[in-house]
1. Go through (1) in contact with a strand residue (DSSP E or B) (Cβ under 7 Å, 6 or more places away or on another chain); (2) modelled with pLDDT of 90 or more; (3) farther than 30 Å from residue 72 by Cβ; (4) surrounded by fewer than 21 Cβ atoms within 10 Å (Cβ to Cβ) and name the single condition residue 175 misses.
2. What's the total number of residues in the range 235-245 that are buried (at least 17 other Cβ atoms within 10 Å of the Cβ) and assigned to a loop (DSSP other than H, G, I, E, B)?
3. Which ones in the range 93-110 are under 12 Å from the mean Cα position of the chain (by Cα) and either over 18 Å from residue 127 (Cβ atoms) or outside the structural domain of residue 124 (by TED's automatic domain parsing) (or both)?
4. Kindly indicate whether any position in the range 22-37 is over 19 Å from residue 100 (Cα atoms) and either modelled with pLDDT under 95 or out of contact with any strand residue (DSSP E or B) (no Cβ under 8 Å at 6 or more places or on another chain) (or both).
5. Of the residues 89, 72, 7, 63, which single one is at pLDDT 95 or above and surrounded by 11 or more Cβ atoms within 10 Å (Cβ to Cβ)?
6. Condition first: closer than 21 Å to residue 68 by Cβ, in contact with a strand residue (DSSP E or B) (Cβ under 9 Å, 6 or more places away or on another chain) and either assigned to a loop (DSSP other than H, G, I, E, B) or within 16 Å of the ligand (Cβ to nearest atom) (or both). Now tell me which residues in the range 92-111 satisfy that.
Ligand code: CA
């Protein structure tokens with residue numbers, strides 16, 4: 001049993017110094033054999049279980065074969081780019097923390113990565129210790145997010161509404177409004193990634209089929225309707241925020 005002072009020392013310690021990560025499964029997508037070899041070994045030394053893929057195709061195979069707590073993605077790959085892997089990952093496993101590790105660190109590349117819901121974007125060359133600390137931060141955030149997601153059938157507060165996904169209902173001021181499947185899908189997507197920006201394309205991909213001919217404007221109108229339901233003041237939204245040039249963000253503290 002730790003007393004308060006000892007506990008505080010442990011907590012301070014864990015914030016400042018990398019601690020061994022036990023049983024964290026990590027997918028590393030990297031085509032440079034030298035970088036991959038060294039990095040994989042150092043991460044394994046820290047207790048990570050590392051699966052290495054050297055191409056988009058190999059990464060897709062790994063995604064079908066297992067689930068991962070964390071994905072560390074290079075951008076430039078022989079048969080495509082890390083963004084493709086990120087999209088596949090977001091589709092199959094939205095709870096996986098996503099970090100880009102790349103020599104391409106132009107602002108537009110970083111924005112593209114963040115649009116895909118990346119938790120961090122680390123430029124090469126990197127210092128291993130910093131990489132490790134950042135990965136640990138991402139894992140903590142991902143874990144906190146998973147814990148904040150509603151249990152099946154348990155209503156969750158979003159803005160002024162109590163949303164019951166199982167029953168497709170949003171209750172506002174004691175009055176129940178039925179939600180469409182699409183409204184539930186979009187709210188769920190924003191909730192899964194709360195605290196990070198979700199692009200209009202991702203929203204369209206998740207909730208619309210191609211034969212509905214949606215446009216970015218479709219998403220904006222749709223979000224406007226959702227805001228009327230859940231925001232206290234839909235004109236000055238505080239729960240679903242607009243991120244200029246990207247899309248929308250559900251505040252992590254969404255009540
Ligand atoms: Ca590369």
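The values are calculated or read from the model by the stated rules, or taken from the named source; none is laboratory data. These numbers were taken from a predicted model, which means no experiment stands behind them. No Cβ is skipped: glycine too gets one built from the backbone with ideal geometry, and neighbour counts run over all protein chains shown.
1. Residue 175 satisfies all of (1) in contact with a strand residue (DSSP E or B) (Cβ under 7 Å, 6 or more places away or on another chain); (2) modelled with pLDDT of 90 or more; (3) farther than 30 Å from residue 72 by Cβ; (4) surrounded by fewer than 21 Cβ atoms within 10 Å (Cβ to Cβ) except (1).
2. The qualifying residues number 2.
3. 93, 94, 95, 96, 97, 98
4. Yes, there is a match, as at least one residue in the range 22-37 is over 19 Å from residue 100 (Cα atoms) and either modelled with pLDDT under 95 or out of contact with any strand residue (DSSP E or B) (no Cβ under 8 Å at 6 or more places or on another chain) (or both).
5. Only one candidate passes the filter, namely 72.
6. 93, 96, 99, 100, 101, 102
Yes/no matrix, rows are residues, columns are (1) at pLDDT below 85; (2) in contact with a strand residue (DSSP E or B) (Cβ under 7 Å, 6 or more places away or on another chain); (3) under 25 Å from residue 248 (Cβ atoms):
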site: 120; (1), (2), (3): no, yes, yes
site: 127; (1), (2), (3): no, no, no
site: 132; (1), (2), (3): no, no, no
site: 137; (1), (2), (3): no, no, yes
site: 146; (1), (2), (3): yes, no, yes
site: 152; (1), (2), (3): yes, no, yes
site: 156; (1), (2), (3): no, yes, yes
site: 166; (1), (2), (3): yes, no, yes
site: 170; (1), (2), (3): no, yes, yes
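Here's the yes/no breakdown for (1) surrounded by fewer than 18 Cβ atoms within 10 Å (Cβ to Cβ); (2) in a helix (DSSP H, G or I):
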residue: 195; (1), (2): yes, no
residue: 202; (1), (2): no, yes
residue: 211; (1), (2): yes, yes
residue: 222; (1), (2): no, yes
residue: 226; (1), (2): no, yes
residue: 229; (1), (2): no, yes
